[in-house]
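Report on the structure given below.
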Amino acid sequence: MEWVALASTIVGGGIATASAGILDHRRWRRERGDQHIEGRRSLYVSYLSALASARHACRVTVREPDPDPQQRRRAVWEAFEACTSLRYELSICAPRYVVEKSDDSFRRLRDLRDVVADGFGRDSSEYVTGRLHYDRAYQALRARNTILLRCPGRA
């Protein structure tokens with residue numbers, strides 16, 4: 001009879017250990033998923049902020065009356081520089097359909113930067129067209145990121 005009590009104690013201990021291990025593994029996976037989503041959220045926000053800052057620099061620069069051409073070029077190029085490294089980071093970490101939208105926004109902003117650097121004014125058709133193309137691309141990227149962050153299973 002003593003062996004039955006010993007066997008049931010061993011089986012009970014095994015079941016308790018296995019269930020604790022399973023629960024710990026599930027908790028670890030959930031926390032890992034949360035960290036992954038938070039990392040993406042941080043990267044997406046940083047990239048969108050860098051794009052918005054560069055766009056703002058273009059807006060400010062194009063409104064300056066009689067700016068020095070060299071100073072104008074330097075201002076928009078420096079503002080745009082922060083977008084480049086974040087773009088590469090995003091291309092490594094984000095899904096392809098986000099990267100496509102981010103690349104489109106980047107290219108449209110680069111085109112706008114070049115228009116401003118070349119000295120076109122805020123009322124020129126080149127600037128207005130570039131601004132509209134960039135704004136559309138930026139909104140598409142923002143919408144895609146918002147969907148992904150609200151529905152993490154799709155990311």
Seminar exercise, completed: Per the charge dipole of the stretch 7-154 (beta-carbon charges, Lys/Arg positive, Asp/Glu negative, Cα centre), the residue among Val60, Leu141, Thr129 reaching farthest to the positive end is Leu141
Exercise. Helix 125-150 versus the longest principal axis of the chain: what angle, 0 to 90°, nearest 10, using Cα atoms?
Worked result: 10 degrees
For this session: Kindly state, as a whole number, the per residue volume in cubic angstrom of the convex hull around the alpha carbon atoms of the chain.
Result: 107 Å³
Problem set entry | Ordering of 110-116, 45-51 by packing [mean C-beta count within 10 Å, highest first] | 110-116, 45-51
Exercise. Based on DSSP H runs of at least 4 residues, each adding -39500 (n - 2.57), what is the mean residue ellipticity at 222 nm of the chain after dividing by all its residues, to the nearest 500 deg cm²/dmol?
Worked result: -32000 deg cm²/dmol
Exercise. How far is helix 69-93 tilted, in degrees, relative to the longest principal axis of the Cα atoms in the chain, given as a value from 0 to 90 rounded to the nearest 10?
Worked result: 20 degrees
Exercise. Counting Lys and Arg as +1 and Asp and Glu as -1, each charge on the Cβ, what is the dipole of the stretch 7-154 about the Cα centre in debye, to the nearest 20?
Worked result: 620 debye
Exercise. Counting alpha carbon pairs within less than 8 Å and at least 6 residues apart, what relative contact order, in whole percent, applies to the chain?
Worked result: 24 percent
For this session: Treating the angle as unsigned and between 0 and 90°, give the value, to the nearest 10°, between the Cα long axis of helix 96-117 and the longest Cα principal axis of the chain.
Result: 20 degrees
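Read-outs throughout are calculated quantities, based only on the coordinates presented, and are distinct from any laboratory measurement. Quick caveat, the model's predicted, so the values are computed rather than measured. Note: ideal-geometry Cβ built from the backbone for every residue, glycine included; neighbour counts use all protein chains shown.
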